[in-house]
Amino acid sequence: MKTIKVGLGTCGVSAGGEKTYEAIKHEIEKENIQVILKETGCNGMCYREPLVEVIDEENHSFLYGDVTPEKATRIMIDHVMKNMPVKEWIVQNSGPTEDDAFFQKQRRIVLRNCGIIDPNSIDEYIAVGGYEAIRTVIKKNTPEQVIDIMTKSGLRGRGGGGFLTGVKWKFCRQAEGTLKYIICNADEGDPGAFMDRSTLESDPHSVLEGMMIGAYAIGAEEGYIYCRAEYPKAVARLKHSIREALAKGFLGKNIFGSNVNFSIKIKEGAGAFVCGEETALIASIEGKRGMPRFRPPFPANKGLWDKPTNINNVETFANIPWIIMNGAEAFAAMGTENSKGTKVFALAGKIARGGLAEVPMGITINEIVYDIGGGIKGGKKFKAVQMGGPSGGCIPASMGDLQIDYQQINKTGAIMGSGGMVVLDETTCMVEMAKFFLSFTQEESCGKCTFCRIGTKRMLEILERITDGNGREGDVELLQHLAYQIRNNTICGLGQTAPNPVLTTLKYFPEEYEAHIRDKKCPAHSCAPLLTFSIQADACKGCTLCAKACPVEAISGEKKKVHEINVATCIKCGKCFETCKFNAVLKN
Amino acid sequence: MLQKEEIRKENTGSQFYDFKTELWKYQGEKGALIPLLQSAQEAYGYIPESAIDHISEVVEIPGAEIYGVITFYSQFRLKPMGKNIIKICDGTACHVNASTGILRALVDELQIGNDETTEDGLFTLQKVACLGCCSLSPVMMINDDTFGRLTPKKVKELLKEFRTKENA
């Protein structure tokens, strides 16, 4: 019997996956087809969603991309019923496809089951070797040995900090007290990062198993998953998975027949970016305002309700069962001197193939952007990648040969962060980009430290006046001065890294700041107040498309005659520029 | 205001009941304040003053402190919201893929600004930082459903669809 899997992660659903699923179900019922229909998570090829996989009787897999309900119906009739695969829509198969390049340089550990198993079924997770790691650990290893394996593997925290997981666990293990907590940080707040959402939606059990191993290692009997409220699907899947694990006796009292107890609770965040910071997250679980506090004492000694607490993020936990099963050496064999294993990057922005890519550390930016991501959308010029979200920075295309590891990225002034990689092309203004991030951190500042609360506000005001065309001489120096003050006079990661987007763009794109301030020009033609739109008379064919697209009726002209833009009514939205097929609209 | 609250109660009878049960179930568990507030918001669509008083009595945390928690988190509302909540994403990926154009289309269509509710009470518009759907940017959520690869045209069609459903 054939099996059909439909990708229904949030990305699949938002691309219309549910309608595709319904169409397939409808066809099955209508034609009374004998198949197994399943849902699965996301395999990372978000740019091809909705994805549908057909696995035939000989266990051959055919992955279809961009499957609309209409296409799904044809796949059902031609492939499923008549055994004639619809070749032109196949994106992955035993034979070569143009999408193969997306996977060639990837090495999947965290995403090993994503898009393959049904995330709602614990049995499917067990069938691919799930829960073997925790079973083995409880039977054969002491907690100290587990910690030792983690330390040897060289796994570093994937949430952004990059601290050695084994060492972190050791601190918590050694902390005094019998009541300890383990927390999974699923408060993925960095705009541009979505690997944690995808992992939770596509393979929630791997995260639960990772937490169990961590809990065993540090000696915790209670765990919390702090998940963003913006991820309803992830929360639902987690709740379901916890129920399944409880029913199997993998959670609760005497798990796997041992004397180990462990239970997990879910806490939904309430919308505060700063809660991704450990001490703020703890305050939030305690039901308080999520404000960071001064460290030390570190959470390993004094965390949740003042008890020793260990916090790791989703991706870190998802790595752990693999490390136990394959050994620390296998993990440490991948990557560079100081950064071992793989890292999941969320590729988005102006990239041709956006999605999740898990690559060995040490790969270059160019390899990710061109080989995996397929280069820039629409054939434009690659300008920079933004890494690490609002705490990170922009790395210019000229540094594309840079090997990705914690140290190398830090040297550029950006950070690895949680792995968001937003690709920017020549139409992105770097000053505007810096302003965008600053407005984010400014809004999300909890207000505790003066320099973060007021300093970011002042920096934002300066950036606003620069992009409005009112920049002054000395603004760049003022920005730098404020940036250093904020960096050195705040207590948590949010404040300390808030100036990074500004500092990196100042470092690599100083000419853009100068053009805005001195010439009142935006080289990327993006800052609206610095632009004027006009129509080139000799290129205009009078097709009226621009006039129809204009939201404020600022464009006049008869059919087949040259059109004109009324500068006074024009709101500089750029619609005419986008719609013109003859490149007759100029922005300057 | 009270009137609206009563209407909500009628409409969301079972959820209102859920909130009460949550309160009854509370047995001094630590850190329950935020889940209780979430439950209140789920029931009423926002957190009315009366709910703050209820919660304060049960968990024995002063109302002022609860108010402090409410205002800290962007999820909580002290004013009634529209029937459908539109969250327009302005995360990095959406931002570089022209989410401002999508926001403008929403503002044009709904005739409301960020954090406002339409007069008919059908829609509330919220600009949010990132919905984690970056590879399908620009993206927005209407209630719990996510819509990707948006264009201003698609937004207008979606709103029309929702309106027709509401009026039917």
In segment A:336-377, the GluC sites (Glu not before Pro) that fall in loop regions by DSSP, at most 14 other Cβ within 10 Å: A:Glu337
Per residue of B:70-76, other chain Cβ atoms within 10 Å number on average 6
Exceeding the 18 Å Cα-Cα cut-off - candidates A:Lys307/B:Lys30; A:Lys30/B:Lys165; A:Lys381/A:Lys581; A:Lys2/A:Lys82; A:Lys168/A:Lys307: A:Lys30/B:Lys165; A:Lys381/A:Lys581
Roughly speaking, to the nearest percent, how much of the protein assembly as shown's 1.4 Å accessible area is carbon and sulfur? 50 percent
Just to be sure I understand the model, the point goes 7 Å from the Cα along the line to the Cβ. What's the resulting A:Glu29 to A:Thr3 distance in nm? 2.4 nm
Proximal aspartates and glutamates to A:Lys350, defined as alpha-carbon separation beneath 13 angstrom and excluding residues fewer than eight positions away on the same chain: A:Asp425, A:Glu426
When the chain is fully extended, how far beyond the present Cα-Cα distance does A:Glu144 get from A:Gln104, taking 0.36 nm per residue of separation? 10.7 nm
Cα to Cα, under 18 Å, and not fewer than 8 places away if on the same chain: which aspartates and glutamates meet these conditions relative to A:Lys302? A:Glu176, A:Glu221, A:Glu222, A:Glu277, A:Glu278, A:Glu286
Space enclosed by the convex hull of the alpha-carbon atoms of chain B, per residue, Å³: 126 Å³
Run the numbers on chain A and let me know its relative contact order in percent, using alpha-carbon pairs under 8 Å that are six or more apart. 11 percent
Note: A:229-237 gets an average of partner chain Cβ contacts (10 Å, Cβ to Cβ) equal to 3
Two-site label geometry, A:Glu473 and A:Glu558: point separation in nm, points 7 Å out along Cα→Cβ: 5.3 nm
Expected output is a single nm value to one decimal: the length gained when fully extending between A:Ser398 and A:Glu221, i.e. 0.36 nm times separation in residues minus the C-alpha distance. What is it? 58.8 nm
Provide the FRET efficiency to the nearest 0.05 for the A:Leu246-A:Val128 pair, computing r from the beta carbons and using R0 = 25 Å. 0.75
Give, in nm to one decimal, the length gained when the segment between A:Glu70 and A:Lys82 is fully stretched (0.36 nm per residue of separation minus the Cα-Cα distance). 2.6 nm
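Given Cα pairs under 8 Å that are at least 6 residues apart, what percent is the relative contact order of segment A:213-281?
On the way: 74 pairs, mean separation 27.6, N = 69.
That works out to 40 percent.
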So what is the relative contact order for segment A:122-331, in percent, with contacts set as C-alpha pairs under 8 Å and at least six apart? 30 percent
If you count only protein heavy atoms with a 1.4 Å probe, what accessible area per residue comes out for the protein assembly as shown, rounded to a whole Å²? 41 Å²
Using a probe radius of 1.4 Å on protein heavy atoms only, what is the accessible area buried between chains A and B, both sides summed, to the nearest 100 Å²? 3500 Å²
Which of rounded, prolate, oblate describes the protein assembly as shown, given a ≥ b ≥ c as roots of the alpha-carbon gyration tensor eigenvalues and a/c under 1.5 marking rounded, otherwise prolate only if a/b is larger than b/c? rounded
Report the local net charge at A:Arg472: Lys and Arg +1, Asp and Glu -1, summed over other residues whose C-beta lies under 11 Å from its C-beta. -1
What whole-number distance in Å separates the alpha-carbon centres of segment A:464-479 and segment A:308-326? 45 Å
Around A:Leu51, under 10 Å between beta carbons, what's the net of Lys plus Arg minus Asp minus Glu among the other residues? -1
Here is the link list: A:Lys377/A:Lys587; A:Lys383/A:Lys548; A:Lys38/B:Lys153. Which ones come out longer than 26 Å on Cα distance? A:Lys383/A:Lys548; A:Lys38/B:Lys153
Reachable aspartates and glutamates from A:Lys507, Cα under 13 Å, same-chain residues fewer than 8 places away excluded? A:Glu477
Restricting to bridges with both residues inside segment B:41-152, how much of the DSSP beta-bridge set is antiparallel, in percent to the nearest 5? 55 percent
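Would you calculate, for chain A, the mean residue ellipticity at 222 nm contributed by helices, counting each DSSP H stretch of 4 or more residues as -39,500 (n - 2.57) and dividing by all residues, to the nearest 500?
Mean residue ellipticity, 222 nm, calculated: -10000 deg cm²/dmol.
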Mind checking which helices in chain A clear 30 Å along their axis (Cα) and have mean Kyte-Doolittle hydropathy of -0.5 or more, DSSP H runs only? none
Please sort by residue number the GluC sites (Glu not before Pro) in segment B:103-168 whose DSSP state is loop and whose Cβ has at most 11 other Cβ atoms within 10 Å. B:Glu119
Answer in debye to the nearest 20: the dipole magnitude of the protein assembly as shown about its Cα centre, from +1 Lys/Arg and -1 Asp/Glu charges placed on Cβ, is 800 debye
Relative packing of peptides A:339-349, A:265-275, A:31-41, A:124-134 - highest average C-beta neighbours within 10 Å first: A:339-349, A:265-275, A:124-134, A:31-41
Looking at segment A:349-441, send over the antiparallel percent of its DSSP beta bridges, to the nearest 5. 90 percent
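The values are calculated or read from the model by the stated rules, or taken from the named source; none is laboratory data. Bear in mind that the values here come from a model prediction, so they are computed numbers and not experimental data. Don't worry about glycine lacking a Cβ; one is built from the backbone with ideal geometry, like all the others, and counts go over all protein chains shown. To get the accessible areas, we keep the full protein, side chains included, count just its heavy atoms, and leave off ligands, DNA and RNA. Shrake-Rupley method; radii C 1.70, N 1.55, O 1.52, S 1.80 Å.
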